[in-house]
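Asks: Would you mind keeping the following structure in view while I ask a few things?
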Amino acid sequence: MQIESENFQWEYAKQKITILDDPYCIIIDDLFGPEKSKEIFEYIVSLREYFHPAKITYEDHLKTDEDYRKNVTCYIDALYKIDDPDWTARREYRKKSQLLGAIDGLVQSQDMGMILHSAPFPICKFRDVNAWETQISRYGYDKDHYEWHYDRLSNDDRMITLVYYVNMEPKKFQGGELVLSRGLSLGKKIITSNAKECTIEPKNDRLVIFNSRTVHRVTSTTSSARFEEGRFSVNIWCGIRKNGEPISNY
Ligand SMILES: [Fe+2]
């Protein structure tokens, strides 16, 4: 499972950036390039045994609810966790993961911080991010989906959401679009009548960035039972901590 990755630093070079403004989100295509994204895809497929049915947070505890969310997930941070107070040592260890090495390089990239600094709040705070968690999702087994929700929970580090899509080329799944809404949600429903929505196609090597309070869902997804033919996305939830506590509790 562990493959040593090179010392990775993300730089803006050949990417294409698009803004959708209702609701606001940033789409960066060709984020890592064909070689690196293929390497990340193959690495994710190698983690198959670590994927388990997704759970949702309900009244401060985790439970499965397939009407609300049905897919499989891998909490990759837990696989590369060492008990060392020194972040540099922990970061070095995470570089053993092809994916975490790339994600950590992206979150700490000066280029990305500068690009996002002119975005609306809270995305403009990206360069101050010092805490992030990573979860990989696979959708595609028998109408996998995730109903309306927002990522921000209580007192956590989820201020800015990054979703990175990576998949086999050509893609072998149908559906699995990300739909963002300006609406207000209650439970798994949008309760406002005139909320604008935008739909984003899950495309290989695409990054989508939005406020973790933006309401969103994943549409029904179909793929073959072959693990590698599914729709894969990597969620990176970013926040800012001071003295070990989240200060992003806006
Ligand atoms: Fe989400």
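Bear in mind these aren't lab numbers, they're just calculated from the coordinates by the rules spelled out. On a predicted model such as this, the values are computed, not experimentally measured, just so you know. Don't worry about glycine lacking a Cβ; one is built from the backbone with ideal geometry, like all the others, and counts go over all protein chains shown.
Asks: Can you give the FRET efficiency to the nearest 0.05 for residue 203 and residue 11, using r as the Cβ-Cβ distance and R₀ = 22 Å?
Replies: Approximately 0.55, to the nearest 0.05.
Asks: Label residue 84 and residue 172 with points 7 Å out from Cα along Cα→Cβ: what is the distance between them in nm?
Replies: It works out to 3.8 nm between the two label points.
Asks: Let me ask something additional. Specify the residue with the greatest mean-square fluctuation among 158, 48, 231, computed from a Gaussian network of the chain linking alpha-carbon atoms under 10 Å apart.
Replies: 48
Asks: Something else: In terms of the Cα gyration tensor, with a ≥ b ≥ c the square roots of its eigenvalues, is the range 16-246 rounded because a/c is under 1.5, prolate because a/b exceeds b/c, or oblate?
Replies: In terms of gyration-tensor shape, rounded.
Asks: Still on this structure: Can you pull the one-decimal nm distance between simple spin-label points at residue 235 and residue 191, each 7 Å off the Cα toward Cβ?
Replies: Taking the two extended label points, one gets 2.2 nm.
Asks: Taking the mean number of other Cβ atoms within 10 Å as a proxy for protection, how do you rank 201-207, 189-195 from highest to lowest?
Replies: Ranked by mean Cβ neighbours within 10 Å, highest first: 201-207, 189-195.
Asks: Now a separate question. Multiply the residue gap between residue 50 and residue 108 by 0.36 nm, knock off their C-alpha separation, and tell me the result in nm, one decimal place.
Replies: 18.2 nm is the gain from fully extending residue 50 to residue 108.
Asks: Separate question: Provide 45, 166 in ascending order of the number of other Cβ atoms located within 10 Å of each residue's Cβ, fewest first.
Replies: By the 10 Å Cβ count, ascending: 45, 166.
Asks: Let me spell out the model: positive unit charges on the Cβ of Lys and Arg, negative unit charges on the Cβ of Asp and Glu, origin at the Cα centre of the range 24-178. What dipole size does that give, in debye rounded to 20?
Replies: So the dipole magnitude of the range 24-178 works out to roughly 220 debye.
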